[in-house]
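Structure first, then comments.
The values are calculated or read from the model by the stated rules, or taken from the named source; none is laboratory data. Being a predicted model, the structure only gives us computed values, none of them experimental. Heads up, the Cβs are rebuilt from the backbone with ideal geometry, glycines too, and the neighbour counts pull from every protein chain shown. Calculation scope for accessible area: heavy atoms of the full protein, side chains included, ligands and nucleic acids excluded. Shrake-Rupley method; radii C 1.70, N 1.55, O 1.52, S 1.80 Å.
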Amino acid sequence: MKMPSLFLSALLAVAAPLHAQSLPGDSVYHLPAATQDADGHPVAWSALRGQARVVSMFYTHCHLMCPLILENAKSVQKQLTPDERRRLGVVMVSLDPARDTPAAMREVAQRHRVPDGWRFLTPADNDVRAIASVLDVRYRFRDDGSINHTSVLVLLDAEGRIRARSEVNGAAADPAFLIQIKALLAGP
């Protein structure tokens, strides 16, 4: 049975504060943000809890740094063991909800041949700045429709605490960032 979207959204709004009570104080998942996935299903920001993740912000109409962000994250995954890949989620969060529809998110994932399991999330318009803030991603819209933004991969532990950051300067993964990921995944 398929639940109506409004009912599911209301259920998430009630459950999120209960879920957040047991989070560490420095968790980014305290933020009560709403997103939708590339299939158009609602996903509470706090629902990402429970798995270590590499998270970045991008937009689908970018032709400069955003493709490098995707390639860099793919490079990170390629250098992990199969078990490490299984335990590390990858989440790409839109900076441009007006244009980053579920179809646009699916198309960019397909065009860039991202591995199965990646999540592409589009926040509600009023939640983009809040998510960018907790991830320390700065951005601004330009007159030509492009977005100047911090190009970074952020490593979150399963509880949503920031454990490492890697500035994206090219397609190759940062070796120091990989060491931090492997150390996190090796821990208890």
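Do we find a residue being surrounded by 12 or more Cβ atoms within 10 Å (Cβ to Cβ), touching a residue at least 60 places away in the same chain (Cβ under 8 Å), part of a helix (DSSP H, G or I) and under 16 Å from the mean Cα position of the chain (by Cα) anywhere in the stretch 147-168?
No; the residues of the stretch 147-168 include none that is surrounded by 12 or more Cβ atoms within 10 Å (Cβ to Cβ), touching a residue at least 60 places away in the same chain (Cβ under 8 Å), part of a helix (DSSP H, G or I) and under 16 Å from the mean Cα position of the chain (by Cα).
Quick check on this structure: which one of Asp143, Asp100, Asp116, Asp83 is at pLDDT 95 or above and part of a loop (DSSP other than H, G, I, E, B)?
Within the list Asp143, Asp100, Asp116, Asp83, the selection yields Asp100.
Of the numbered conditions (1) farther than 14 Å from Val55 by Cβ; (2) touching a strand residue (DSSP E or B) at 6+ places or on another chain (Cβ under 8 Å), Arg113 fails exactly one; give the number of that condition.
Arg113 satisfies all of (1) farther than 14 Å from Val55 by Cβ; (2) touching a strand residue (DSSP E or B) at 6+ places or on another chain (Cβ under 8 Å) except (2).
Of all residues in the stretch 21-50, count the ones that are part of a strand (DSSP E or B) and basic (Lys, Arg).
Going through the stretch 21-50 one residue at a time, the tally reaches 0.
Filter the stretch 86-127 for residues that are among the hydrophobic types (A, V, I, L, M, F, W, C) and open to solvent by 70 Å² or more (accessible area, probe 1.4 Å) and give the result.
Passing the criteria: only Ala98.
Being under 17 Å from Arg49 (Cα atoms), under 15 Å from the mean Cα position of the chain (by Cα) and in contact (Cβ under 8 Å) with a residue 40 or more places away in the chain, is that true of even one residue in the stretch 135-142?
Going through the stretch 135-142, the residues under 17 Å from Arg49 (Cα atoms) turn out to be 135.
After this cut, where a residue has to be under 15 Å from the mean Cα position of the chain (by Cα) as well, the list is 135.
Within this subset, residues satisfying the condition of being in contact (Cβ under 8 Å) with a residue 40 or more places away in the chain are 135.
Taking every residue of the stretch 135-142 in turn, at least one turns out to be under 17 Å from Arg49 (Cα atoms), under 15 Å from the mean Cα position of the chain (by Cα) and in contact (Cβ under 8 Å) with a residue 40 or more places away in the chain.
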